[in-house]
Every structure is written in structure tokens, then in C-alpha cells.
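For reference, the structure discussed in these notes is given below.
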Amino acid sequence: RYSSVTGVQTCALPICSNAKIRVGNDPVATSVSAGQYVKLDREWKNNDQIYLEFPMKIKIRTWATNKNSVSVDRGPLTYSLKIKENYVRIDSKQTAQHDSKWQENSDPSQWPSYEIHPTSDWNYGLIGNPAEMEKNFSVVRKPWPKDDFPFTLSSVPIEIKTTAKKIPSWVIDQYDLCGELPASPIASGEPEETITLVPMGAARLRISAFPTVK
């Protein structure tokens, strides 16, 4: 909001297409270029409000050096598979690594460690050619969390639905970690399923580089 003044305000625009600007309900008829500044030169009134609209599109990134896997981006966010999580509390003394030792007068119980285990399937590949994959995605908007904390699987206010198939050969390895990513594209005889993606910051178990299925 701005006080009554004649002058110039500048707005820096992020990298997006078809960004729009309005002052109150009045659209600003000006050229808008991604990554550039827009100058608004006008007589300002008390409590004028500038609105910036940044349309977001789903984009697919292909990682040629990571088995031709793909990542799903929308606007500034990268999305990860929604995996149900089971938190298992572990003795912090047992999990201390190498020179990370507890002081004699400390209470490790006040600083617990957790293992997080998946309780839903995670070994999915996205269906289709990466160049045409965007048509398989749909955005689902949910209510903003009442506590203003959107960084959990239950409170995240936006999700993406898409189609995928399980890859039975992609399993947990001998170290209880996600096995090596299979090279794409890969064949799968499993049935097609609908999966849910969430912003990566809301997930603790993250699959954000997906194989693609023929």
C-alpha cells in the first residue's frame, strides 16, 4: 500500500509467462517481460494496492545424467511423490555417528532421533513421453491450513494428480535405502494407477526424480 504521492514504483517479475499487474481493480496496460522490471508511473492514492499475478504451468525436467529420470515442476516448486510416513523413535546414543558424541551431563532423551519408514508404495514410474507428459497432470487446490503451516502431508494446500505404474524391480536395497534408480524408459506390466504429488518441502521421504514407463 502506498501513501498519496506522484511517482514511480518498480516491480521485479520472476521467470514466468503472461504475468499480469493491476492497481486495485484497474489492469495495468504495460509490456510485461519475464526477468525484467516494470515501471508504474502514476499519481498514487492512499491505500493503493498493487496486485501481481504469476501464472504457473507444469513443466517436466529430464535428467539425462540421472538415468533419464524426470522431475515435475510447477512455478517455483518441485513436486515429490506423496508417501505415507511412519516415524520410529530411536535411541539417540545409538545413532550418534563417529565423533558426534554426547556430553556427559546431557540428556539424549530430550533430543530424540527418528527413522522414517514408508507405509505406502513408492516405486512408481510416470507414464508417457516427457515431451507430452504435462497433459496427464491435474492440479488440486485444498484449503490453506488454519495454523499457517503448509509443510506436512496432511496440511499441504496444493497437490498434483497424475498416472503412473509400479516398477516391481525397483526395491529397498540391502542398506534399507531406496534402490538405484532404474534407467528410463522402462517397461512395466503393472496396472495404471493415479498417484499424488506434493511440494517437495512437505515430504520427508522424497521421490522427486521419477523413472518413465514405456
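The values are calculated or read from the model by the stated rules, or taken from the named source; none is laboratory data. Not measured: the values here are computed from a predicted model. Quick reminder, even Gly has a Cβ in these numbers, built from the backbone with ideal geometry, and neighbours come from all protein chains shown. For accessibility, only protein heavy atoms count, side chains too; no ligands or nucleic acids. Shrake-Rupley method; radii C 1.70, N 1.55, O 1.52, S 1.80 Å.
Structure values in brief
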read-out: Subset of the range 161-176 that is aliphatic (A, V, I, L, M) and either in a strand (DSSP E or B) or over 19 Å from Leu126 (Cα atoms) (or both) - its residue that is least open to solvent (accessible area, probe 1.4 Å); value: Ala164
read-out: Residue count, the range 23-33 (criterion: open to solvent by less than 90 Å² (accessible area, probe 1.4 Å) and either in contact (Cβ under 8 Å) with a residue 40 or more places away in the chain or within 13 Å of Glu53 (Cβ to Cβ) (or both)); value: 3
read-out: Hey, Lys67 touching a residue at least 60 places away in the same chain (Cβ under 8 Å) and out of contact with any strand residue (DSSP E or B) (no Cβ under 7 Å at 6 or more places or on another chain) or not; value: yes
read-out: Search result, residues across the range 73-103 that are under 25 Å from Gly125 (Cα atoms), of a type in the set (A, V, I, L, M) and in contact with a Ser or Thr (Cβ under 7 Å, 6 or more places away or on another chain); value: Ile83
read-out: Candidate set: the range 1-22, residues that are out of contact with any Gly (no Cβ under 9 Å at 6 or more places or on another chain) and open to solvent by less than 50 Å² (accessible area, probe 1.4 Å); chosen: the one modelled with the lowest pLDDT; value: Gly7
read-out: Unique match (being touching a Phe, Trp or Tyr at 6+ places or on another chain (Cβ under 9 Å), aliphatic (A, V, I, L, M), part of a loop (DSSP other than H, G, I, E, B) and open to solvent by less than 70 Å² (accessible area, probe 1.4 Å)) among Leu153, Leu181; value: Leu181
read-out: Within the range 71-139, strands (runs of 3 or more DSSP E) holding 2 or more residues that are more than 30 Å from Ala183 (Cα to Cα) and open to solvent by 50 Å² or more (accessible area, probe 1.4 Å); value: 85-90
read-out: Sole exception among (1) open to solvent by 30 Å² or more (accessible area, probe 1.4 Å); (2) assigned to a strand (DSSP E or B); (3) within 19 Å of Leu77 (Cβ to Cβ); (4) of a type in the set (Val, Ile, Thr) for Thr194, by number; value: (3)
read-out: Selection status of Phe151, touching a Gly at 6+ places or on another chain (Cβ under 6 Å) and either closer than 30 Å to Thr212 by Cα or of a type in the set (D, E, K, R) (or both); value: yes
read-out: All positions within the range 197-214 that are touching a Ser or Thr at 6+ places or on another chain (Cβ under 8 Å), more than 11 Å from Tyr124 (Cβ to Cβ) and not in a loop (DSSP other than H, G, I, E, B); value: Val198, Pro199, Met200, Ala202
read-out: Residues of the range 34-53 classified as outside any strand (DSSP E or B), open to solvent by 80 Å² or more (accessible area, probe 1.4 Å) and either touching a Pro at 6+ places or on another chain (Cβ under 9 Å) or under 30 Å from Phe137 (Cβ atoms) (or both), total; value: 1
